[in-house]
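Worksheet for the structure shown next.
The values are calculated or read from the model by the stated rules, or taken from the named source; none is laboratory data. Being a predicted model, the structure only gives us computed values, none of them experimental. Don't worry about glycine lacking a Cβ; one is built from the backbone with ideal geometry, like all the others, and counts go over all protein chains shown. Keep in mind that these areas ignore ligands, DNA and RNA; they rest on the heavy atoms of the full protein, side chains included. Shrake-Rupley method; radii C 1.70, N 1.55, O 1.52, S 1.80 Å.
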Amino acid sequence: MSTFKAMVIEKADSGTKAALADFDEANLMDGDVTVRVEYSTVNYKDGLALTGKAPVVRRFPMIAGIDFAGTVESSNHPDWKAGDKVILNGWGTGETHLGAFAEKSRVKGDWLVRLPATMSTREAMAIGTAGFTAMLCVMALEKHGLTPASGPIAVTGAAGGVGSVAVSILSKLGFSVSAVTGRPAEADYLKGLGASEIVERAALTGPVKPLAKERWAGGVDSVGSTTLANLLSMIRYGGAVAACGLASGMDLPGSVAPFILRGVCLLGIDSVMCPLPKRQEAWKRLENDLDRQKLAAMTREIGLSDLPQAAADIVAGQIRGRVVVKIG
Ligand code: NDP
């Protein structure tokens, strides 16, 4: 029997239980590419899966982890051969398909993206699903027509993973960025990433007016709920908000006033089923439009055994920036 180390979630008497285990390679799921995983990362969804706080996992036992970067070990897929460096994020990995917190993963070759030439597998996972999603948000705002000349952009949940990468990318592209955070102690960190202004979270958590004073040309929101509703009410005529998250809640307690009186657009962002051409474009953009020194400054590294604590921390909103997981 050939086994490898993996963080496995099992059903328990009440809820679920996550623990490091030796996983039998024979029990890997179908796929045409087997990858030696080098790095993964801790995303909010991983936190929900490992703590059992939300029903993210749809099959048991499940190896947790929604994204990885590594080296192809063997392949029956025409696009991939042994030795290729690859990235995977989403497609149900860590939810319905055995996931990334493991020394080995077997997946569909159609899910993989080639690691950009100048990027290491560690950098790819410092970016991870959170950073990839931040890039999708920025691309959506650009497609809407926003440029630095349009006006400032608000980034909510700014000290978190999506937020930190969004602040960095937008500032590198020349946008003026307002970082909205509940952690004013992180002001220097956020300014270091390129934020031109720090806005206290409380400015967007009060009662939602149909229309508030026009403040931002656009927004990147990973928080949802009252924060997103307030943000929409503060967007300038013709602007847009790219919404990708629910760190505060899934509801949206606002009105249609910003849409019908200011022509504001709400742009929905999903990373999981994002089509391959858009993924390839986003990773190419991340290679060029994200400052690697800023990426390094927002990243810390842990091992597989540190995952339960990191999972609890991210669900509690206590993680700053990004956490990479060194596998093996
Ligand atoms: P993080 O935990 O790293 O960041 C979330 C941030 O939101 C926190 O750091 C905090 O920022 C803020 N926050 C947390 N709780 C609250 C609250 N109750 N009210 C207001 N603000 C709060 O998570 P990620 O950045 O990795 O993910 C953010 C969200 O995006 C998650 O909901 C995640 O599921 C979603 N997501 C969606 C994807 C998609 O495909 N649509 C892909 C990736 C992520 P601060 O302290 O600065 O205020």
Karplus-derived 3J(HN,Hα) from phi for the range 247-254 (6.51 cos²θ - 1.76 cosθ + 1.60, θ = phi - 60°), whole Hz, x at Gly and Pro, runs 4, 9, x, 8, 7, 9, x, x
So for the pair R300, D24, with labels modelled 7 Å out along Cα→Cβ, what separation do we get in nm? 3.9
At a 10 angstrom cut-off on C-beta neighbours, averaged per residue, how do the peptides 118-130, 273-285, 171-183 rank from highest to lowest? 118-130, 171-183, 273-285
Residue-wise, which Karplus ³J(HN,Hα) couplings in Hz belong to the range 34-45, taking 6.51 cos²θ - 1.76 cosθ + 1.60, θ = phi - 60°, and x for glycine or proline? 9, 10, 7, 6, 9, 9, 10, 7, 9, 9, 4, 5
Computed about the Cα centre, the charge dipole of the chain from +1 Lys/Arg and -1 Asp/Glu charges at the Cβ has a magnitude in debye, to the nearest 20, of 700
Counting sequence-distant residues (5 or more places) and residues on other chains, those with an amide H built under 5 Å from that of D84 are V72
All lysines inside 29 Å of K17 as judged from Cα atoms, apart from same-chain residues fewer than 8 positions distant: K5, K45, K53, K104, K108, K326
Residues with amide H under 5 Å from that of G219, placed H, sequence gap 5 or more: A154, A240, V241, A242
For the range 129-268, the accessible surface attributable to carbon and sulfur atoms (probe 1.4 angstrom, ligands and nucleic acids excluded) amounts in percent to 58
How about K213: which lysines have a C-alpha closer than 30 Å to its C-alpha, ignoring those fewer than 8 places off in the same chain? K143, K172, K191
Taking K209 as the anchor, which lysines have their alpha carbon closer than 21 Å to its alpha carbon, excluding any fewer than eight residues away along the same chain? none
Before I look further, what does the range 184-284 give for accessible area per residue, probe 1.4 Å, in whole square angstrom? 48
Nearest 10 degrees, 0 to 90: helix 121-144 Cα axis against the chain principal axis: 40
Relative contact order for the chain, counting Cα pairs under 8 Å that sit 6 or more residues apart, in percent: 19
Apply the Karplus curve 6.51 cos²θ - 1.76 cosθ + 1.60, θ = phi - 60°, to the phi angles in the range 148-156 and return the couplings in whole Hz, x for Gly and Pro. x, 6, 5, x, x, 10, 9, 10, 8
Sort 190-199, 239-248 by packing, meaning the average of other beta carbons within 10 Å per residue, with the highest value first. 239-248, 190-199
Which order do peptides 209-216, 131-138, 99-106 fall in by mean Cβ count within 10 Å, highest first? 131-138, 99-106, 209-216
Tilt relative to the chain, helix 161-172 - C-alpha long axis, 0 to 90 degrees, to 10: 60
If you roll a 1.4 angstrom probe over the protein chains with everything in place, what fraction of the accessible area of the range 14-124 belongs to carbon and sulfur, to the nearest %? 49
So between V256 and D13, what do we pick up on full extension, going 0.36 nm a residue minus the alpha carbon distance? 83.0 nm
